[in-house]
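The values are calculated or read from the model by the stated rules, or taken from the named source; none is laboratory data. Just so it is clear, the structure is predicted and the values come from calculations on it, not from any experiment. All Cβ positions, glycine included, derive from the backbone under ideal geometry; neighbour counts span all protein chains shown. Note: accessible area is taken over every heavy atom of the protein model, side chains too, but ligands, DNA and RNA are not part of it. Shrake-Rupley method; radii C 1.70, N 1.55, O 1.52, S 1.80 Å.
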Amino acid sequence: MYFTNVNLGQYIPTGSFIHRLDPRAKLFSLLLIISAVFPTKTIFGLGIWTALIILLVYVSKISWRIVLKAARPVLFLVIFTFAFNLIAGYFNIGLVRAFYRGFFTSARLLVLMLFAVMLPLCTAPLELADGLDALLSPLGNFGFPAHESAMMIGMALRFIPLLMQETDKIIRAQLSRGARLDQGNIFKRVTAFFPVLIPLFIIIFRRADEIAIAMEARGYEGGAGRTRRRPLVWKMTDTLIVILSALIVGIMFFVM
């Protein structure tokens with residue numbers, strides 16, 4: 001199977017402490033952490049963030065197998081970053097320093113991606129959309145479509161696993177007809193995927209049309225005056241988590 005084992009955007013309910021947090025607290029904490037991971041320049045700082053992501057996975061009760069499968073689509077970017085820094089730095093700073101810089105940059109990117117991957121794994125798409133809507137709602141006063149943007153992100157996360165399954169079905173069908181998708185040079189492999197991309201785009205547009213018809217049939221008119229089936233409730237634990245995240249980020253900025 002090509003894509004059916006990919007958990008990108010898939011929600012894994014375990015009932016952990018992380019899952020029960022308000023999505024606004026998780027989103028805000030993630031933004032704080034991302035803002036601090038980017039400027040990390042020391043091995044000590046990177047080690048702290050690595051220990052934090054390990055602790056986060058342990059508390060969430062999600063197995064590392066699922067987390068790594070969810071992060072697998074971005075591993076190519078990590079490998080490309082390492083190779084680019086290694087090759088570009090070899091001619092300027094030497095092999096040893098280029099290897100260190102490539103390893104550190106790619107490791108920092110991997111940690112950053114793991115933090116981002118944990119959010120959809122621990123938050124249901126509907127809760128994530130509601131949290132984004134609540135955080136972006138102040139921008140609505142300036143004409144920004146906060147509700148529509150949050151709804152699109154939530155729907156995209158919801159349909160990523162379904163599109164992966166459809167892609168896997170199309171690939172299996174093409175292979176059964178004798179297609180060779182993994183042979184030849186890069187140009188031949190890219191052109192061989194056109195019979196996969198064309199029906200996939202047709203499926204995407206068909207699903208989008210079905211969703212639009214369903215929303216119109218239910219009288220959807222945007223976010224004005226809409227209520228939630230499960231209203232978001234901010235608890236003391238959410239406040240503590242945000243404060244703890246801010247403290248960790250502040251300490252890391254001081255250490256770095």
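In this structure, SER29 qualifies as crowded, with 19+ Cβ neighbours inside 10 Å and at pLDDT 90 or above.
Per the listing PHE103, PHE91, PHE84, the residue uniquely at pLDDT 85 or above and either open to solvent by 60 Å² or more (accessible area, probe 1.4 Å) or more than 21 Å from SER35 (Cα to Cα) (or both) is PHE103.
Looking at the structure I just gave you, is ILE213 surrounded by 11 or more Cβ atoms within 10 Å (Cβ to Cβ), out of contact with any Leu (no Cβ under 6 Å at 6 or more places or on another chain) and modelled with pLDDT of 85 or more? The answer is no for ILE213.
Look at (1) farther than 27 Å from VAL255 by Cβ; (2) in a helix (DSSP H, G or I); (3) at pLDDT 85 or above; (4) among the small types (Gly, Ala, Ser) and you find that SER16 fails only one, number (2). Within segment 142-180, restricting attention to residues that are buried (at least 16 other Cβ atoms within 10 Å of the Cβ) and farther than 30 Å from MET215 by Cβ, the residue that is modelled with the highest pLDDT is ILE171. Please tell me if PHE187 is part of a helix (DSSP H, G or I), open to solvent by 40 Å² or more (accessible area, probe 1.4 Å), at pLDDT below 70 and aromatic (Phe, Trp, Tyr). So PHE187 passes the test.
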